[in-house]
Amino acid sequence: MKRFGFLSWALLFGYAFLYVPIALLIVFSFNESRLVTVWAGFSTKWYGELIHNDTLLDAALLSFQVAAVSATLAVLLGTCAGLALTRFGRFRGRTLFGGMITAPLVMPEVITGLSLLLLFVAMEQWVGWPDGRGVTTITIAHTTFTMSYVAVVIQSRLAGMDGSLEEAAMDLGARPAKVFFVITLPLIAPALVAGWLLAFTLSLDDVVVASFVSGPGSTTLPMVIFSSVKFGISPQINALATLMVLVVATGIFVASIVMARQERQRKRDEQMAIQNG
Amino acid sequence: MRAVVSLLVSGLSRIGLWGRGVVVAVPYLWLMLFFLVPFLIVFGISFSESIIAQPPYSSLVEWLTDEDAGTSKLQILLNISNYFRLGGDDLYILAYLNSLKIAAVTTLFCLLIGYPMAYAIAKADPARRGPLMMLVILPFWTSFLIRIYAWIGILKGNGVISNLLEWAGITSGPVEILYSDWAVYIGMTYCYLPFMVLPLYSTLEKMDPSLLEAAADLGSRPFKSFLQITLPLSLPGIVAGSLLVFIPAVGEFVTPELLGGPDTLMIGRVLWNEFFANRDWPVASAVAIALLLVLVVPIMIFQHVQGKQAEAGR
């Protein structure tokens, strides 16, 4: 048996550091007492109150809409960008393009938020669009910073993928668009799913950028949580957090099972092809 | 559905090479409009004056017509007082320095906790590496705000840590860690840890174990081999991870706002207050430009590292 050395302890400490806070959050969401950290017995009443909190539900609905639309747009734009950066070789302005793709990954949120708001205000002055700020401007802002993450995910999938299949199809006379839809797209499908999920969660998580570019009547869920957390902790937020963690965990679990199954299927197909060939 | 796809395919095939142009042009134009142009606007507005109007800043360019003389002229007013204000007021300078300090300490903590984790995972049984990495990434998928919120209940007076210490008899009263720089260090390390572990793991995993075996055969002690072989070889991962943590941490707003005290000055908070509380858009813009100037070198190094990794992946 291997001794339980420094590395194992470091790993254990790391995982405890990552998971204990979330576990405590979930435990205290079932606390009877309004004082979140003092245990007073098991109760699910905070979940009941959650259902009647209209502000929260409206904000959640809005956030889901924004996240779904911006994640879809981000996947479309990010896939094009990833494709251009890995498969198109050198083209004019590639350096600038690559820079604009990676910079949003590390750009502080306050800068992204402020700069987009000032753009929207200036655009309204010059061309009259967007008319005020709200769901549209939040969606555009989220698409812009999440498409970089999608592009990076797609890029790494494409870079790790053998380009010979595409080349073979081209040699056999398939046009580039056909090669993309028939060969490349099915192969990068898992990356597309991962990219969409990543963009969706990032959008659902954003409070800073949304605060800058939102208008009256378009308050997202993180904005509601942020303003209520600033006034102190409440068991209702614990209950909400528990539900969010549950949804995310289920989503990831299902997605990883589906992807693992597809990967196995692909391997099996490859084996069959080799044996039959 | 099939018919639609085949129609799409044949339509796009007919476009041929032109389609390639569209694939580049659409994301390119999007980023130009929504990423590059906004910075130019921020730069422009940082030279304007704050006025009470909608929007609350003066126009830089004015077209003046003199009716009597029959002439007209284009007048461009650049107001650099916003930058003088940044340089002349201790508040801003302290906020910049403090942000750099907090981001540096956070990066160091992430490295100290993240490196052994990444190393242990890279050394683990290959079949176990996937699930172990998954466990590191999973918290990243849950809301950032919720994870910061979780620490409020742990760090506040009468919170979990305070109660534990009292119960163990170490302290005899509530201990409040919340609303201090330490709370900010803990919260930020917690949130950014996965960003450090990911690149570290990917460089450590690629390392050839036979190098260490050779060193051991030649009589090198494990610690010496680590310092002379593993550490230098994992340097690209250390650089990438540190930049992924450091750059966004300098401009962090949510963590210091929720966990920090009123004297936890950070530049992201200053920018936020100038914009939302004082409604001084020009000064907020100047703060943003100054922050970008501080970050431009780290961002360029990050891009260089990222570009090299993309090349190596091929």
Run a plain Debye calculation on the protein assembly as shown (Cα atoms as equal point scatterers, no solvent) and give log10 I(q)/I(0) at q = 0.09 Å⁻¹, rounded to two decimals, same order as the q list.
-0.80
Amide hydrogen neighbours beyond the local backbone of residue B:57, cut-off 5 Å, H modeled:
B:51
Helix axis angle, B:17-31 relative to chain B longest principal axis, alpha carbon, degrees
80
Quick check: the angle from helix B:126-141's long axis to the longest principal axis of chain B, C-alpha only, nearest 10 degrees?
40
Counting helices only, and only those DSSP H runs with n ≥ 4, report the 222 nm mean residue ellipticity of chain B as the sum of -39,500 (n - 2.57) divided by its residues, in deg cm²/dmol to the nearest 500.
-23000 deg cm²/dmol
Which of the lysines could a cross-linker bridge to residue B:206, judged by Cα under 24 Å and excluding same-chain residues fewer than eight apart?
A:2, A:267, B:123, B:224, B:308
Under a straight-distance cross-link criterion of Cα-Cα below 26 Å, which lysines are reachable from residue A:230, leaving out those fewer than 8 residues away in the same chain?
A:45, B:101, B:156
Heavy-atom accessible surface of chain A: percent carbon and sulfur, 1.4 Å
66
How high is the FRET efficiency from residue B:228 to residue A:165, r the C-beta distance, R0 35 Å, rounded to 0.05?
0.25
How many angstrom lie between the Cα centre of the range A:188-240 and the Cα centre of the range B:246-293?
20
Determine which residues of the range B:226-246 fall in the zone a paramagnetic label at residue B:214 would reach in this model, i.e. backbone nitrogen under 15 Å from the point 7 Å along Cα→Cβ.
B:226, B:228-230, B:233
Would you mind giving the total buried accessible surface between chains B and A, with a 1.4 Å probe and ligands, DNA and RNA left out, rounded to the nearest 100 Å²?
8200
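Calculate, for chain A, the solvent-accessible area per residue in square angstrom, rolling a 1.4 angstrom probe over the heavy atoms of the protein chains.
49
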Under-5 Å amide H pairs with residue B:180, H placed in peptide plane, nonlocal only:
B:261
Quick one: what are the phi-derived ³J(HN,Hα) couplings along the range B:247-258, Karplus 6.51/-1.76/1.60 with θ = phi - 60°, whole Hz, x for glycine and proline?
4, x, 5, 4, x, 4, 10, 4, 4, x, 5, 8
Relative to the present Cα-Cα distance, how much length would full extension add between residue B:168 and residue B:76 at 0.36 nm per residue of separation?
26.3 nm
If R0 is 51 Å, what FRET efficiency do you get for residue A:270 and residue B:54 from their C-beta distance, rounded to 0.05?
0.25
Occluded residues from the range A:104-148, i.e. those whose accessible area drops by 50 Å² or more once the chain is not alone (1.4 Å probe):
A:106, A:107, A:108, A:110, A:111, A:114, A:115, A:118, A:119, A:144
Residues residue B:101 and residue B:205, FRET efficiency given R0 of 45 Å [Cβ-Cβ distance, rounded to 0.05]:
0.90
Potential extension, residue A:262-residue A:45 segment - 0.36 nm per residue separation minus Cα distance
74.0 nm
What helices does chain A hold that run 27 Å or longer along their axis, going by alpha-carbon atoms, with a Kyte-Doolittle average of 1.6 or more, using DSSP H for the helix calls?
A:6-28, A:185-205
Which residues, if any, in the range B:95-122 lose at least 40 square angstrom of accessible heavy-atom surface (probe 1.4 Å) when the other protein chains sit next to their chain rather than the chain being alone?
B:113, B:116, B:117, B:120
Length gained when the stretch residue A:55-residue A:92 is fully extended (0.36 nm per residue, less Cα-Cα span)
8.4 nm
Taking N as the number of residues in the range B:187-263, what is its alpha-carbon radius of gyration divided by 2.2 N^0.38 Å?
1.52
Given points 7 Å out from each Cα along the Cα-Cβ axis, report the residue A:231 to residue A:64 separation in nanometres with one decimal.
2.5
Local electrostatic count, residue A:145, Cβ distance below 15 Å [Lys/Arg +1, Asp/Glu -1]
-3
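The values are calculated or read from the model by the stated rules, or taken from the named source; none is laboratory data. Predicted model only: the values in this text are computed from it and were never measured. All Cβ positions, even for glycine, are placed from backbone atoms using ideal geometry, and neighbour counts span all protein chains on display. Accessible surface areas use protein heavy atoms only, side chains included; no ligands, DNA or RNA. Shrake-Rupley method; radii C 1.70, N 1.55, O 1.52, S 1.80 Å.
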